[in-house]
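The values are calculated or read from the model by the stated rules, or taken from the named source; none is laboratory data. As the structure is a prediction and not an experimental result, all values here were calculated from the model. Quick reminder, even Gly has a Cβ in these numbers, built from the backbone with ideal geometry, and neighbours come from all protein chains shown.
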Amino acid sequence: MADGGFKNLIFGLILFIAFTVMILTVAVDFGSEYERSAEDIGSGSLNLVNFQETANSVQGNASAMRSSFESGSVDDIDDASGMFGTIKKFINLITAPFTLLSGILTNLLKMPKIIIDILLGLLSIGLILGMWRVLRTGS
Amino acid sequence: MAWRSPTTVNASAGMDSFLPYISEVTNFWFGRMVMIAIFVIFIFGYLRQKEGDFFGALAVSSYITFIIGLLFWVIGLVSGLDFAVIIGVTVISSVLLLTENKPN
């Protein structure tokens, strides 16, 4: 993730979403003039409705996270879960782009769920090992 | 599976009735091969003129394939699945082109 790797990843994701919407809109609008629906493209795997649902869910999560950070009150910390609640929010923030990517892969490209689970599982292990390295060496 | 005879096609209705017949008897392979040919011709043509710019070649050829594929899709010469692949290649090539680290 060094040398702006994470920034490039986020930039690439935003571009991916923007170009997908743009190209799908062109295809769906042009096709509708010749009695072709979005359901015809890839047997319905590519359509704007699924894409919008994914984008809405990600936007909802982002808004909830933002309001949580903006509140800035210690009352938001759940006493029962202690610091784990706060750490969970941080991890959710870090994994948000990957959640978005998995949503796109599942809903838009109809990739099998097992592949996405494996990818996210590897990512989780990587995050845990990365945090352990930080704790061990302080790097 | 028995294919329809060409004589059953109402050729006087124009290409609109003839092109879907071609797709039907070739199981969409006619449109698929035309799309592959267009993609390959443009990607190698671009690379011959501008060596080393692979992502540029990929983007240009995929956009040309997308536009021609869109026309072929509405007349029934390219299947929906093939068109989805073309859209995927177009999106990915656009992202690769814009996120490429170019030496200053």
Original post:
What number of residues within segment B:62-81 are in contact (Cβ under 8 Å) with a residue 24 or more places away in the chain and either buried (at least 20 other Cβ atoms within 10 Å of the Cβ) or β-branched (Val, Ile, Thr) (or both)?
Top reply: 12
Original post:
Within segment B:86-98, how many residues are within 14 Å of the chain's Cα centre (by Cα) and more than 8 Å from chain A (Cβ to nearest Cβ)?
Top reply: 2
Original post:
Does any residue of segment B:14-33 turn out to be on the phi > 0 side of the Ramachandran plot and without any contact (Cβ under 8 Å) to a residue 12 or more places away in the chain?
Top reply: yes
Original post:
Considering only residues of segment A:91-117 that are surrounded by 11 or more Cβ atoms within 10 Å (Cβ to Cβ) and at pLDDT 75 or above, which is nearest to B:Ile87 (Cα to Cα)?
Top reply: A:Ile115
Original post:
Listed residues B:Ile75, B:Ile64; which is under 22 Å from A:Gly31 (Cα atoms) and modelled with pLDDT of 90 or more?
Top reply: B:Ile64
Original post:
Within chain B, which helices (runs of 4 or more DSSP H) (wholly inside it) include 1 or more residues that are touching an Asp or Glu at 6+ places or on another chain (Cβ under 9 Å)?
Top reply: B:29-49, B:54-74, B:80-99
**OP:** Go over the candidates B:Gly56, B:Gly52 one by one and state the one that is touching a residue at least 40 places away in the same chain (Cβ under 8 Å) and over 30 Å from B:Pro6 (Cβ atoms).
**Re:** B:Gly56
**OP:** Check segment B:58-67 and report whether any residue there is hydrophobic (A, V, I, L, M, F, W, C), within 9 Å of chain A (Cβ to nearest Cβ) and touching a helix residue (DSSP H, G or I) at 6+ places or on another chain (Cβ under 7 Å).
**Re:** yes
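Each row is one residue, and each column tells you yes or no for (1) more than 8 Å from every other protein chain (Cβ to nearest Cβ); (2) in a helix (DSSP H, G or I); (3) surrounded by 15 or more Cβ atoms within 10 Å (Cβ to Cβ); (4) at pLDDT 75 or above.
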{"site": "A:Asp3", "(1), (2), (3), (4)": "yes, no, no, no"}
{"site": "A:Leu13", "(1), (2), (3), (4)": "yes, yes, yes, no"}
{"site": "A:Ile17", "(1), (2), (3), (4)": "yes, yes, yes, yes"}
{"site": "A:Ile23", "(1), (2), (3), (4)": "no, yes, yes, yes"}
{"site": "A:Ser32", "(1), (2), (3), (4)": "yes, yes, no, yes"}
{"site": "A:Arg36", "(1), (2), (3), (4)": "no, no, yes, yes"}
